[in-house]
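Read through the structure below, which is laid out as structure tokens, and then see the notes.
The values are calculated or read from the model by the stated rules, or taken from the named source; none is laboratory data. The shown structure was predicted, so the numbers you read here are calculated from the model rather than taken from an experiment. Cβ placement follows ideal geometry from the backbone for every residue including glycine, while neighbour counts extend to all protein chains displayed. In case anyone asks, the SASA skips ligands and DNA or RNA and just uses the protein heavy atoms, side chains included. Shrake-Rupley method; radii C 1.70, N 1.55, O 1.52, S 1.80 Å.
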Amino acid sequence: MLDEKLRAYKKKERIQRIIPAKYKEEFPFLKDVDSFALCNVQLQLEKAFKDHFRNRKQFKLPKFKKKRDKQSYTTNNTHNSIRVDFERSLLYLPKLREGVKIELHRRFEGKIKSVTISKTADGKYYASILIETENRRNKVVEPKSKACGIDLGLEHFATVTNDFGSYKIEHPKYLRKGEERLKRLQKSLSRKQKGSKNSEKARLRLARQHAYISNARNDFLHKLSKAIIDENQVVVVEDINVKGLLKSRLAKSISDSGWSKFLSYLKYKAEWYGRTFIQVDRFFPSSKLCHRCGHKNDDLALNDRTWCCPACGETHDRDVNASINLYFVGLGRPEVKPVEQALVDDRSPTGYLKSHPAAKQEAQLKKVEQSALHCGSSVRLPDLLYQSPQTGQ
Ligand SMILES: [Zn+2]
């Protein structure tokens, strides 16, 4: 279908609607799959062309897929053609008489709409089942901390400050080790003769390692983002200009650390669980501001891990200081308000609209707190951290 469409496109002919059934004579294997599977391919192809004509810059012309890459097909459920036997761990698919033995990740309730079967580059098969269900909300946990600031780094994956203090999250060891192994496998593949049996074996080993790392990293990012969302009501992160950074020599380690994925997980999980996710403007100097006195240290270099504030004499760990400043943004303290532009999210930390009575009450409370802060500027940070607004003191 793609070939025919592309040929018509090149000849500048009108591209016709093509139905997959017409190829069944020429390619008998098409009879092996059910008609929904074929139909979905046709729909996807039509969408790809439509997208391209709508926006040629963003959507390139569809291409042929490599056989070695991930492959998949989607089929729809009609009259129970797709079912799952939870007791025996079997998945029933159209055109297959017997159920396929599966490793079930979780039970579900609801009506099956469709299933997508995919085969990854490392030769594993996955079935992703789309269901329609009523109780889609996960259980929401009461947050223990009012706010939290997250500074992302290269040395440590992240530095987090919340009502209970600051802590650092290391890059998982298995990821570091996995990446070393990945490099070895890449070298080994490049030494093999192209097209040889050994080269094929090396390619599969490499694909398996890639899959392992990407699964392990996703697992880590999901668990960490869920834990942070569970614990805190407001989550503040810096707006890392990932693309800009990727161009620099830091590129490799950044792309490996999965920052942008982490932020997207935090964002959608915040939405799911009714938390506020704030990304501060990328010009907000979270690293350069002294969290104690608010002095901006413009001399701070990228490789300064610790620094001493020239205004108040406090010694800072670069990452901890940055995360504290972000935490303060979360608490809505005015002395660390972003300097160049407003926050992305202008709701009050608890997610009320500004006009909400509870929000007004909160603003009042904050005013009192601020004046207290200005009077006793010798109050040290840990005291502030533990003086959580939750306790109402
Ligand atoms: Zn200072």
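Miscellaneous remarks
- Using Cβ point charges alone (K and R +1, D and E -1), the dipole size of segment 1-123 about the Cα centre works out to roughly 840 debye.
- Alpha-carbon centroid distance for the pair segment 34-60 / segment 148-175, whole angstrom: 42
- Principal axis analysis of the Cα atoms in segment 34-113 yields extents of 49, 29, 24 Å, listed in decreasing size.
- Near Lys24: Cβ cut-off under 12 Å, other residues only, Lys/Arg at +1 and Asp/Glu at -1. The net charge is -1.
- Each principal axis of segment 70-142 carries a Cα extent, and these read 43, 32, 22 Å when sorted largest first.
- Per principal axis, descending, Cα span of segment 1-79 in whole Å: 39, 29, 25
- Over all directions, the projected convex hull of the C-alpha atoms in segment 1-155 averages 16.3 nm² in area.
- Segment 252-324: Cα Rg divided by the 2.2 N^0.38 Å rule of thumb: 1.35
- Ranked by solvent-accessible area (1.4 Å probe, protein heavy atoms only, all chains present), the residues Tyr73, Tyr327, Tyr92 order from largest to smallest as Tyr73, Tyr92, Tyr327.
- Radius 12 Å from Cβ of Lys111, net charge of other residues (Lys, Arg +1; Asp, Glu -1): -1
- Taking 0.692 mPa s as the viscosity and 37 °C as the temperature, the Stokes-Einstein diffusion coefficient of segment 122-168 based on its alpha-carbon Kirkwood radius rounds to 218 µm²/s.
- Segments 49-56, 111-118 sorted - mean Cβ within 10 Å per residue, highest first: 111-118, 49-56
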